[in-house]
1. Go over the candidates D25, D46, D58, D2 one by one and state the one that is among the charged types (D, E, K, R), free of Cβ contacts under 8 Å to residues at least 40 places away in the same chain and in contact with a strand residue (DSSP E or B) (Cβ under 6 Å, 6 or more places away or on another chain).
2. Hand me the list of strands (runs of 3 or more DSSP E) wholly inside segment 44-153 holding 1 or more residues that are at pLDDT below 95 and basic (K, R).
3. With respect to T142, determine if the residue is farther than 16 Å from V93 by Cα, of a type in the set (S, T, Y) and surrounded by fewer than 15 Cβ atoms within 10 Å (Cβ to Cβ).
4. I'm trying to understand the selection: among the residues of segment 22-41, which are surrounded by 15 or more Cβ atoms within 10 Å (Cβ to Cβ), over 17 Å from L110 (Cβ atoms) and not β-branched (V, I, T)?
Amino acid sequence: MDRVVFDASAIQKAVNAIGVRISADYRGKNPLLVGILRGAYMFLSDLSRALTIPHTVDFMAVSSYGSGTSTSGIVRIESDLRINVEGRHVVIVEDVVDTGLTLSQLKKTLEARHPLSVKFCVLLDKPTRRKVPLVPDYTGLTAPDAFLVGYGLDYLEYFRGIPYIFSIKPELVQSEPASR
Ligand code: 5GP
């Protein structure tokens, strides 16, 4: 471990604040929250409990290819939604937005299915690393340019269950496909 970047109470405060905003913005709209597996599972679970409005939840698993900690923007859908997004207000729930390539690609994919709207909700934003202009509609915490794990985020599938977010040293991060 390098250092703790966000402790459990900072994360819960950020998630609850997003919950308040989404509950206000989507009152009467029955939004569909789309969690991107696997990194967003813990965030979506807490966010769903923070909402005070009716909503539905579904998941997509995608893989983005690239080297080490970056993605190429080529997004492959490994597992698709079960719920039809046509005529729905969709909120894509993602763990981290880094280059923005994954989310911008996903938005195009979902918009082709004729939803009423598509918005982005991310727990962590790394704005300095953007390769495409993308500003999330809901952001929990602004993150430093470091490789982060914990609270759903993995390194080689480990550390997802740790209830806080910490950085790991760059020399530990090998050249592997970005995993979720
Ligand atoms: P983007 O397409 O925005 O560059 O990539 C976003 C994806 O890259 C995230 O969903 C996540 O899977 C991965 N990613 C980006 N930064 C981190 C990080 O600091 N830690 C982990 N574990 N994954 C990250």
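The values are calculated or read from the model by the stated rules, or taken from the named source; none is laboratory data. Just so it is clear, the model here is predicted, and its values are computed rather than measured. Cβ sites come from the backbone with ideal geometry, for glycine too, and all protein chains shown count toward neighbours.
1. On the way: D25 fails: in contact with a strand residue (DSSP E or B) (Cβ under 6 Å, 6 or more places away or on another chain); D46 fails: in contact with a strand residue (DSSP E or B) (Cβ under 6 Å, 6 or more places away or on another chain); D2 fails: free of Cβ contacts under 8 Å to residues at least 40 places away in the same chain.
When all the criteria are applied, what remains is D58.
2. Numbers: elements: 56-64, 75-79, 89-97, 117-125, 138-142.
Of the strands (runs of 3 or more DSSP E) lying wholly inside segment 44-153, those with at least 1 residues that are at pLDDT below 95 and basic (K, R) span 75-79.
3. Numbers: farther than 16 Å from V93 by Cα: no; of a type in the set (S, T, Y): yes; surrounded by fewer than 15 Cβ atoms within 10 Å (Cβ to Cβ): yes.
So T142 fails the test.
4. Result: S23, D25, R38, G39, Y41.
The rows are residues; the columns are (1) at negative phi; (2) within 10 Å of the ligand (Cβ to nearest atom).
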site: N16; (1), (2): yes, no
site: N30; (1), (2): no, no
site: L51; (1), (2): yes, no
site: L103; (1), (2): yes, yes
site: L110; (1), (2): yes, no
